[in-house]
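Just below is one structure, and these are the notes that go with it.
The values are calculated or read from the model by the stated rules, or taken from the named source; none is laboratory data. Here the structure is a predicted model, which is why all the values come from computation and not from measurement. No Cβ is skipped: glycine too gets one built from the backbone with ideal geometry, and neighbour counts run over all protein chains shown. These area figures cover heavy atoms from the full protein model, side chains too; ligands, DNA and RNA do not enter into them. Shrake-Rupley method; radii C 1.70, N 1.55, O 1.52, S 1.80 Å.
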Amino acid sequence: MPNQVFPFAEALATVLTHAASLPRPATEQVPLDEATNRILATPIVAPRDQPPFDRSTRDGFAIRAADIATPLKVIGQLRAGETWQHPPLAANQAIEIMTGAPVPTGADAVIMVEHTSLTGDTLHIDPSRTLRSGDNIVPRGAEARTGNTVLPTGRSLQAAEIAVAASCGCSTIAVFQQPTVAILATGDELVELGSTPLAAALKGRGFSPAIHTPPEEGASAPEGTALNEAEIYNSNSYALASLVRSTGGLPTRLPIARDNRADLDARLASAMDHDLLLLSGGVSMGKFDLVEEALAARGAEFFFTGAAIQPGKPIVFGKLPATETHEGPYFFGLPGNPVSTQVCFHLFVAPLLRALAGGSHLAPTFVEARLEHDIPSGPKVLRFLPAELTGTHESVTTRLVGWQGSGDLSANARGNCYCVLPIGQDLKAGDPVRVLLR
Ligand code: AMP
Ligand code: MG
C-alpha cells in the first residue's frame, strides 16, 4: 500500500489537476424552477437588448437636462409598461414618469420627484439641484446587447443566475447531467436511522446487539434510547448526501459496510457504476480499518493516502479501474470522525465533484476575517477548526467555537465556517486570519 501524506497545498493541487482533466458531462433540459444547484450547460445569451429601452431608474419627470432652471409644462404621464405614443418631448416640457418606464424621445434625463414641486401643470425644480444629460436613465443595451453572453457555461445556478435566466425568458434551461455519487459509511458501531438491530456484525465481539424498534409513525422520539451505548447513528452518510446535493451531485446512500473484508468488498462492488465513491471511516491505523486494503484489492490507484492537516489527516484519494461496463469511479476515503469528514468534503471532495458536475469554479473558497480572540501556541500542522464568522458592513470577524475534537458534531453545527490556523503562528485578537467557507 502506498503511504503518501501530502502537504495541504500539494493534496489540493492533486485534486484540482484531476478535476481540470475531466470532460464535461452530457446535457439535459430542466424546468428553471428545478435548476437550483445545477450547472449551466450552454451559455445564456440576451434575446434582446437589456434594457430593451432607455429605462428610467426613478419616479420623477422626464425632461431635457438643459431645461432644469425653467418652469416646465407637464404634458402627460408614463407608467412602467407603457410607451410614449405622442410627439417627442419638446423644450420646456416635462412628462411624469415611473421607475422602469421607457424614457420618451426628446427627453435626455429624469429629475427625481423628490426634487420637484407642482403648481397645477407647471413643474418647478429645486434650484439647488443639478442634472446632466443621461442622469437617472439606463440606456437601451447598456446591460447587454442582443446576442451577448449574460451567463457562461459552467456556472452553478443559484438565485442570481436563475434570475438572469428568467429575465431572458428561459422557462427551461440546459444543464449538465448530474454525477452519481455513492456514499458508503463503514463501521461496526454504526446504526442506520430508524433501523432494526445491528445484529450479525457485532456478535462474537463482546458487543450485545441492542434492541432497536422502528420509531412510531410521526414520532420524533429520541431514537437514541434504543441504542446500545457503544453504538452510534450513521450521521456521515446524511451529511455527505446533503453536501453532495448542494454541490450538484446525485447521492445514493448505500447500506453501512461492516469492518470486515467480505462486507466491504460486497458494498464496493455495488458502487462501481457511480461517478464518485465517498467512503467514510476505516482509513486510519486501527486494526479494523480495512478500506484502503479493500480498495487496493480492487486495483485502485492511490493519488495520496493522507494530507498534513487536522482534522482530516487520513484522507485517501484515488481512482478505481474501469470495468467492462463502467469507467472506474474516483474515490475519497474520508476519515470517519464527522467533523473531519465534512472538512475534507469542503477542501477536497467539493472541487472534484464540481468538475464532475461540469462546473468551472472548482477551488474551495477562503475569505479573510479578523480574529476576535488570541490563539496562542501555533499548531504543528495546518488546522481547520469550526468557527463562527460574523460581521457588519464595516468589519468581518471570526471566533473559534469551543469543541471537543473532530467528533464534535454539535460544535461543528454551532459554527458556520472553518478558521485556518497556520503552522507555528501565535495569533492575537485583531489578527487577520483565513476562513474556509462552507
Ligand atoms: P474511523 O475513521 O472509522 O476510525 O472512525 C473515527 C470516528 O468516527 C469513530 O469515533 C467513529 O465511531 C466515528 N464515525 C465513523 N463513521 C461514522 C459515521 N458514518 N457517522 C458518525 N460517526 C462515524
Ligand atoms: Mg471505523
- Only one of these conditions is not met by residue 23: (1) of a type outside the set (Val, Ile, Thr); (2) under 30 Å from residue 345 (Cα atoms); (3) surrounded by 14 or more Cβ atoms within 10 Å (Cβ to Cβ). Which number is it? (3)
- residue 142, sole failed condition from (1) among the hydrophobic types (A, V, I, L, M, F, W, C); (2) more than 16 Å from ligand 1 (Cβ to nearest atom); (3) in a strand (DSSP E or B): (3)
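Would you mention how many residues in the range 43-67 are of a type outside the set (Val, Ile, Thr) and either in contact with a His (Cβ under 9 Å, 6 or more places away or on another chain) or in a loop (DSSP other than H, G, I, E, B) (or both)?
Adding up the residues that qualify gives 13.
Within the range 306-338, which residues are open to solvent by 10 Å² or more (accessible area, probe 1.4 Å) and either within 15 Å of ligand 1 (Cβ to nearest atom) or within 26 Å of residue 405 (Cβ to Cβ) (or both)?
308, 310, 313, 314, 336, 337, 338, listed by residue number.
Could you tell me whether any residue of the range 375-392 is in a loop (DSSP other than H, G, I, E, B), open to solvent by 10 Å² or more (accessible area, probe 1.4 Å) and either within 16 Å of ligand 2 (Cβ to nearest atom) or among the small types (Gly, Ala, Ser) (or both)?
Yes.
I'd like to know if the range 342-351 contains one or more residues that are among the small types (Gly, Ala, Ser) and either within 16 Å of ligand 2 (Cβ to nearest atom) or open to solvent by 10 Å² or more (accessible area, probe 1.4 Å) (or both).
For the range 342-351, residues among the small types (Gly, Ala, Ser) and either within 16 Å of ligand 2 (Cβ to nearest atom) or open to solvent by 10 Å² or more (accessible area, probe 1.4 Å) (or both): absent.
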- Task: Considering only the range 55-84, state which residues are under 19 Å from residue 124 (Cα atoms) and small (Gly, Ala, Ser).
- Result: 60, 62, 65, 66, 69, 76
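Does any residue of the range 339-353 turn out to be part of a loop (DSSP other than H, G, I, E, B) and closer than 23 Å to residue 307 by Cβ?
No: the range 339-353 contains no residue that is part of a loop (DSSP other than H, G, I, E, B) and closer than 23 Å to residue 307 by Cβ.
Of 350, 308, which residue is over 21 Å from the mean Cα position of the chain (by Cα), aliphatic (A, V, I, L, M) and within 17 Å of residue 13 (Cα to Cα)?
308
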- Message: Residue under question is residue 131, and the condition is that it be farther than 30 Å from residue 43 by Cα, open to solvent by less than 30 Å² (accessible area, probe 1.4 Å) and assigned to a strand (DSSP E or B); does it hold?
- Response: no
- Note on the structure: Of the residues in the range 225-241 that are open to solvent by 30 Å² or more (accessible area, probe 1.4 Å) and assigned to a helix (DSSP H, G or I), the one that is modelled with the lowest pLDDT is 225
- Item | Residue among 268, 277 that alone is aliphatic (A, V, I, L, M) and part of a strand (DSSP E or B) | 277
- Of all residues in the range 262-305, which are hydroxyl-bearing (Ser, Thr, Tyr) and either open to solvent by 30 Å² or more (accessible area, probe 1.4 Å) or within 16 Å of ligand 2 (Cβ to nearest atom) (or both)? 270, 280, 284
- In the range 143-165, the residues that are under 18 Å from residue 37 (Cα atoms), of a type in the set (Gly, Ala, Ser) and open to solvent by less than 60 Å² (accessible area, probe 1.4 Å): 154, 156, 163, 165
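Give 43, 87, 31, 52 a once-over and let me know the one that is under 20 Å from residue 122 (Cα atoms), at pLDDT 95 or above and surrounded by fewer than 15 Cβ atoms within 10 Å (Cβ to Cβ). Explain how you work it out, then say what you get.
Numbers: 43 fails: under 20 Å from residue 122 (Cα atoms); 31 fails: under 20 Å from residue 122 (Cα atoms); 52 fails: under 20 Å from residue 122 (Cα atoms).
Answer to the selection: 87.
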- Tell me, please, whether a residue that is part of a loop (DSSP other than H, G, I, E, B), open to solvent by 60 Å² or more (accessible area, probe 1.4 Å), over 26 Å from residue 11 (Cα atoms) and away from ligand 1 (no atom under 16 Å from the Cβ) can be found in the range 400-416. no
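Being within 21 Å of residue 186 (Cα to Cα), part of a loop (DSSP other than H, G, I, E, B) and either within 16 Å of ligand 2 (Cβ to nearest atom) or of a type outside the set (D, E, K, R) (or both) is the requirement here; does residue 358 meet it? Break it down stepwise before answering.
Values: within 21 Å of residue 186 (Cα to Cα): no; part of a loop (DSSP other than H, G, I, E, B): yes; either within 16 Å of ligand 2 (Cβ to nearest atom) or of a type outside the set (D, E, K, R) (or both): yes.
Judged against the criteria, residue 358 is not a match.
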- Message: Any residue that is away from ligand 1 (no atom under 15 Å from the Cβ) and in contact with a Gly (Cβ under 7 Å, 6 or more places away or on another chain) - is there at least one of those in the range 244-260?
- Response: yes
